[in-house]
Amino acid sequence: MEKPKKSRRRKLIIWLCVDLSVAAILIGLLLYKPAQYHPVMPPAATDPNGHRVHPYLSHELMPTMYNSAQDRRPFEMEVLDQRLNEAIAQTGWLQESGGIKLSAPAVAFTPGRVVLMGTADIEGAGFVVTVEIDPQILEDGRLNLVVEKVRIGVMNITPLAKIMARRMYRERVEAGGVDSDDWRTKIAASLLNEEPFEPVFPVDDKRVRLTGFDITQGKLIARFVPAK
């Protein structure tokens, strides 16, 4: 009887080692930090105006958009992801929902893709969430923001994330109080439910239409024309 006991004990030890190895690999995959994730640290608050608009927005992007819209002419706007991340960091962006804290957001432009990243803090453990978006201008001029991939660490959770996103979107719409004509709602509907929309955006008392874009490493160039 001694040999069967030793055999069972040996098998238990082997399976325990296998379970521990799988758990270690799983934790490693979840805690993986993408090489392109470099969030800019928010500046130290030195005055009450620590959250003022970053100069890249207030002195470059916003004036370009406003002046070109007022001139009622086609124009291009260049956006650099590094400068955009500096502006995001200055806002001290932090969101909390369902006990999960989202912080340290970062944007990366890669060829044909917009990559959104951030840290999700769950019970003290930080996981990097990555969302890859493939923006598409359809033949009829509508814009669709297709979510190509969602990862936690290095683990691909795209199918599950899309199911949850669509469910959240439907529940939000059914609950009412959603302005379907608001361009921010249309962006959310495209991201969460793959609903293309007319890419017309208000700029003060004028409106502009996005007609195309080029996304290369670190840079996005968007093309606009006046809209009625």
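If you check 154, 208, 200, 146, which single one turns out to be without any contact (Cβ under 8 Å) to a residue 60 or more places away in the chain, touching a helix residue (DSSP H, G or I) at 6+ places or on another chain (Cβ under 9 Å) and surrounded by 14 or more Cβ atoms within 10 Å (Cβ to Cβ)?
Of the residues listed, the single one that is without any contact (Cβ under 8 Å) to a residue 60 or more places away in the chain, touching a helix residue (DSSP H, G or I) at 6+ places or on another chain (Cβ under 9 Å) and surrounded by 14 or more Cβ atoms within 10 Å (Cβ to Cβ) is 200.
Those residues that are surrounded by fewer than 16 Cβ atoms within 10 Å (Cβ to Cβ) and under 15 Å from residue 42 (Cβ atoms), I need them from segment 102-135; list them, please.
102
Spot the failing condition for residue 216; the list is (1) in contact with a helix residue (DSSP H, G or I) (Cβ under 9 Å, 6 or more places away or on another chain); (2) closer than 21 Å to residue 148 by Cβ, and only one is missed.
Among (1) in contact with a helix residue (DSSP H, G or I) (Cβ under 9 Å, 6 or more places away or on another chain); (2) closer than 21 Å to residue 148 by Cβ, residue 216 violates only (1).
What's the number of the only condition in (1) within 19 Å of residue 201 (Cα to Cα); (2) out of contact with any Phe, Trp or Tyr (no Cβ under 8 Å at 6 or more places or on another chain) that residue 135 fails to meet?
Only one criterion in (1) within 19 Å of residue 201 (Cα to Cα); (2) out of contact with any Phe, Trp or Tyr (no Cβ under 8 Å at 6 or more places or on another chain) is unmet by residue 135, namely (2).
Yes/no per residue for (1) surrounded by fewer than 10 Cβ atoms within 10 Å (Cβ to Cβ); (2) hydrophobic (A, V, I, L, M, F, W, C); (3) within 30 Å of residue 207 (Cβ to Cβ); (4) modelled with pLDDT under 80:
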{"residue": "15", "(1), (2), (3), (4)": "no, yes, no, yes"}
{"residue": "30", "(1), (2), (3), (4)": "no, yes, no, yes"}
{"residue": "33", "(1), (2), (3), (4)": "no, no, no, yes"}
{"residue": "41", "(1), (2), (3), (4)": "yes, yes, no, yes"}
{"residue": "53", "(1), (2), (3), (4)": "no, yes, yes, no"}
{"residue": "64", "(1), (2), (3), (4)": "no, no, yes, no"}
{"residue": "68", "(1), (2), (3), (4)": "no, no, yes, no"}
{"residue": "84", "(1), (2), (3), (4)": "no, yes, yes, no"}
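Of a type outside the set (Lys, Arg), out of contact with any strand residue (DSSP E or B) (no Cβ under 8 Å at 6 or more places or on another chain), surrounded by 15 or more Cβ atoms within 10 Å (Cβ to Cβ) and without any contact (Cβ under 8 Å) to a residue 60 or more places away in the chain: is that true of residue 188 in this structure?
It is true that residue 188 is of a type outside the set (Lys, Arg), out of contact with any strand residue (DSSP E or B) (no Cβ under 8 Å at 6 or more places or on another chain), surrounded by 15 or more Cβ atoms within 10 Å (Cβ to Cβ) and without any contact (Cβ under 8 Å) to a residue 60 or more places away in the chain.
The values are calculated or read from the model by the stated rules, or taken from the named source; none is laboratory data. Just so we're clear, the structure is a prediction, and the values are computed from it rather than from any experiment. Cβ: placed from backbone, ideal geometry, glycine included. Neighbour counts: every protein chain shown.
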